[in-house]
Amino acid sequence: MEPVDLTVTALHGSVDDPALNSMNFLNEVAQHYPDAVSLAAGRPYEEFFDSARLPEHLDRFRRHLADDLGLDPAQVDRTLLQYGRTKGIVHHLIARNLAVDERITVDPEAIVVTVGCQEAMFLVLRALRADPSDVLFAVAPTYVGLTGAARLVDLPVRPVAGGPDGVDLADLRAGVRRARAEGLRPRACYVMPDFANPSGVSMDTARRRRLLDLAAEEDLLLIEDNPYGLFPAAGTDRRPTLKALDTARRVVYLGSFAKSVLPGARVGYVVADQRVGGSDGTVGPLADQLAKIKSMVTVNTSPISQAVIGGALLAHDCSLVAANVRERAAYARNLGHLVDGLARRFPAGGPVRWTVPAGGFFVVLTVPFPVDDAVLHRSAREYGVLWTPMAHFYDAGTPVNALRLSVSAVTPAQIDRGLDRLAALVADTAAAPV
Ligand SMILES: Cc1ncc(COP(=O)(O)O)c(C=O)c1O
């Protein structure tokens, strides 16, 4: 029999889309040059990883099920080992965490525990994309996982200028009105108010309030993604999340335990407390509708993974601020080290500029030449340093004169080595642009 061959053009358009190719490309470059210093990866610091603690976490959660929730041994085993509740089994602990660390008050029934924040994005966009006229707004540059998830559900993403304040409100309002005039239906705007990936920019509290007002005036949902909010720079205070300021259920809040507990568990969540009226007259949280979609994507999030996260939360009375004392110090130290290192290597007032974020993992470096994937390859091959071309975070994909540096997975010594190599690359490329 003839083997079956398919062409990519006969598959869903997303599989050949730059947004989906981008993640693969960046991973492949990193794997190709394992000896290069990586200022590319947004992965958490590995020095504090300790797999020997997993049984502790599991056991603490088991005791919680028995002692606090009153489950008998058979129920405990069923909860951990059987197929489980679609919305998850650590929702009550997540609600407590949000109350303790973020002063967000939320009914645990409005939470869906997901396979990473990535699944949460997919569920929300799948639910919102009801009609071909639907359109999503996203602050640019945009996290590529969001753009990719939107592609999977055929939801167009329109960029909103981010600028130095995190979101250009006039641009968002104009974009929404323009879309409506074109007969489109703006569903939501995706924002990352705290230490955004990739820009590193944060919104001040007044801007957050104005964004909420604008969302109310223009009848728009806000999708707030907050994986980095726990990690302010040294001497910087954390700000209230949009969700904490939201009194009208305008904000769908996405959370991830990848940076605050461990990425290998693949656990995240969405808070979706918007009321949805059903065709049968019942009213419930949007979370219930998202759970229906989830039941057809991943059925439920691994209860074993959830138990690990649940145990880690319980170890610190559900405070991730308390659980991440060492990590918070390491990220703040690294961010300071990178910014100081840039200042030592590039003269003030020169053509090379950089952002000084109030926290998070990322700094954007502006250089006097276009940065494309070929420059990245050359940097890895000839200079031994990896970073991320900013073009990957813009839909057009055309090279921009900027690159993203990440401080999360390196030591100060590696930052020094990486910056020396980067400075050589920048000097050589600026002198003889390709
Ligand atoms: C902005 C943003 N959102 C979401 C995620 C994905 O989180 P998770 O690993 O929980 O799927 C990341 C991961 O890097 C991220 O940077």
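With respect to the conditions (1) open to solvent by 10 Å² or more (accessible area, probe 1.4 Å); (2) in contact with an Asp or Glu (Cβ under 8 Å, 6 or more places away or on another chain), Val176 falls short on a single one, namely (1).
Scanning the range 21-38 for residues that are surrounded by fewer than 18 Cβ atoms within 10 Å (Cβ to Cβ), touching a helix residue (DSSP H, G or I) at 6+ places or on another chain (Cβ under 8 Å) and not aromatic (Phe, Trp, Tyr) yields Met23, His32. Within the range 179-198, restricting attention to residues that are small (Gly, Ala, Ser) and either within 30 Å of Pro232 (Cβ to Cβ) or part of a loop (DSSP other than H, G, I, E, B) (or both), the residue that is farthest from the ligand (Cβ to nearest atom) is Gly183. Residue pairs whose Cβ atoms lie under 6 Å apart, separated by 6 or more positions or on different chains, with the first residue in the range 67-86 and farther than 15 Å from Gly310 by Cβ and free of Cβ contacts under 8 Å to residues at least 24 places away in the same chain and the second polar (S, T, N, Q) and open to solvent by less than 60 Å² (accessible area, probe 1.4 Å), do not occur.
Of all the criteria given as (1) open to solvent by 40 Å² or more (accessible area, probe 1.4 Å); (2) in contact (Cβ under 8 Å) with a residue 24 or more places away in the chain, the one not satisfied by Pro55 is (2). Looking at the range 76-178, none of the helices (runs of 4 or more DSSP H) lying wholly inside it contains 3 or more residues that are away from the ligand (no atom under 16 Å from the Cβ) and out of contact with any helix residue (DSSP H, G or I) (no Cβ under 9 Å at 6 or more places or on another chain). Consider the range 199-221 and keep the residues that are assigned to a loop (DSSP other than H, G, I, E, B) and hydroxyl-bearing (Ser, Thr, Tyr). The one that is farthest from the ligand (Cβ to nearest atom) is Ser202.
Put simply, of Arg180, Arg185 the only residue that is in the same structural domain as Gly229 (by TED's automatic domain parsing), farther than 29 Å from Phe25 by Cβ, free of Cβ contacts under 8 Å to residues at least 24 places away in the same chain and in contact with a strand residue (DSSP E or B) (Cβ under 8 Å, 6 or more places away or on another chain) is Arg180. Being assigned by TED's automatic domain parsing to the domain that holds Val299, within 12 Å of the ligand (Cβ to nearest atom) and open to solvent by less than 40 Å² (accessible area, probe 1.4 Å) is not true of Ala244. When restricted to residues that are assigned to a strand (DSSP E or B) and within 22 Å of the chain's Cα centre (by Cα), the range 8-62 contains 1. Residue selection: Leu184 satisfies the criterion of being modelled with pLDDT of 95 or more and over 27 Å from Ile309 (Cβ atoms).
On the given criteria, is Ala41 at pLDDT below 95 and open to solvent by less than 40 Å² (accessible area, probe 1.4 Å)?
So Ala41 passes the test.
On the given criteria, is Thr142 open to solvent by less than 40 Å² (accessible area, probe 1.4 Å), within 17 Å of the chain's Cα centre (by Cα) and under 21 Å from Thr298 (Cα atoms)? Here the answer is no, as Thr142 does not meet what is asked.
Taken over the range 385-423, the criterion of being farther than 30 Å from Arg158 by Cβ, open to solvent by 40 Å² or more (accessible area, probe 1.4 Å) and not charged (D, E, K, R) is satisfied by Ala409, Thr411, Ala413, Gln414.
Scanning the range 312-332 for any residue that is among the basic types (Lys, Arg), in contact with a helix residue (DSSP H, G or I) (Cβ under 8 Å, 6 or more places away or on another chain) and touching a residue at least 40 places away in the same chain (Cβ under 8 Å) turns up at least one such residue. Condition check: without any contact (Cβ under 8 Å) to a residue 24 or more places away in the chain and either buried (at least 16 other Cβ atoms within 10 Å of the Cβ) or part of a loop (DSSP other than H, G, I, E, B) (or both). Does Pro357 satisfy that? When the stated conditions are applied, Pro357 does not pass them.
The values are calculated or read from the model by the stated rules, or taken from the named source; none is laboratory data. Nothing here was measured: the structure is a model prediction, and the numbers come from that model. For neighbour counting, all protein chains shown are included, and Cβ atoms are generated from backbone atoms with ideal geometry for every residue, glycine included. All accessible areas refer to the heavy atoms of the entire protein, side chains included, with ligands and DNA or RNA removed. Shrake-Rupley method; radii C 1.70, N 1.55, O 1.52, S 1.80 Å.
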